[in-house]
Amino acid sequence: MNRATTLRLLAFVHPAWMLASLALAVATARLGLEIRRRRAAGRPVGAALRERHLRFGRSAVALVWAGFGLGALSMVALRERAAFDSFHGILGVVVCGLFAWTGHSGRALARGDGTARGLHRGVAAASIAAALLSAVAGFVLLP
């Protein structure tokens, strides 16, 4: 395999990583919605469901942040462009901020602050929506 082919293949690491991260974020959201359904129906949530949601959420936030770094590295090292020289790059900054906010509000909930529930739900939805928009905006950057 020649250098050009290798670089082209490496350029797909970031998109694949982010698709996996987004899939994990959606799985986390589904668990969160199940927690909400149970709470609304007056049924017990259960420690196992709550713990799985927290574990998936922590992983999703970490993967998004690592993928953000991979994207910036990919732009500079593989495409020889400025790291944030695109609409996709700017959206990436927004997505990282929203996921960090989602994690922060989730931590508050896990520590017993029920007032963070609405904020967490809204910011989590905004995080996933912004990530989907960023994915679409990134199509033009694919090799």
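The values are calculated or read from the model by the stated rules, or taken from the named source; none is laboratory data. Predicted, not measured: the structure shown is a model, and the values here were computed from it. For neighbour counting, all protein chains shown are included, and Cβ atoms are generated from backbone atoms with ideal geometry for every residue, glycine included. Keep in mind that these areas ignore ligands, DNA and RNA; they rest on the heavy atoms of the full protein, side chains included. Shrake-Rupley method; radii C 1.70, N 1.55, O 1.52, S 1.80 Å.
Observations
- Selection of region 6-15 for residues being open to solvent by 60 Å² or more (accessible area, probe 1.4 Å) and in a helix (DSSP H, G or I) yields 8, 9, 10, 13.
- Taking first residues from region 98-117 that are small (Gly, Ala, Ser) and partners that are open to solvent by 60 Å² or more (accessible area, probe 1.4 Å) and part of a helix (DSSP H, G or I), the Cβ contacts under 7 Å between residues at least 6 apart in sequence or on separate chains come to 105/119.
- Where a residue in region 118-130 is more than 12 Å from residue 30 (Cα to Cα) and of a type in the set (S, T, N, Q) and its partner, wherever it lies, is assigned to a helix (DSSP H, G or I) and open to solvent by 60 Å² or more (accessible area, probe 1.4 Å), with Cβ under 8 Å and at least six apart: 127/101
- Among the residues of region 35-60, the ones that are open to solvent by less than 50 Å² (accessible area, probe 1.4 Å) and not small (Gly, Ala, Ser) come to 5 in all.
- Candidates 109, 98, 63, 133, filtered to the one that is outside any loop (DSSP other than H, G, I, E, B), buried (at least 16 other Cβ atoms within 10 Å of the Cβ) and touching a Leu at 6+ places or on another chain (Cβ under 8 Å): 63
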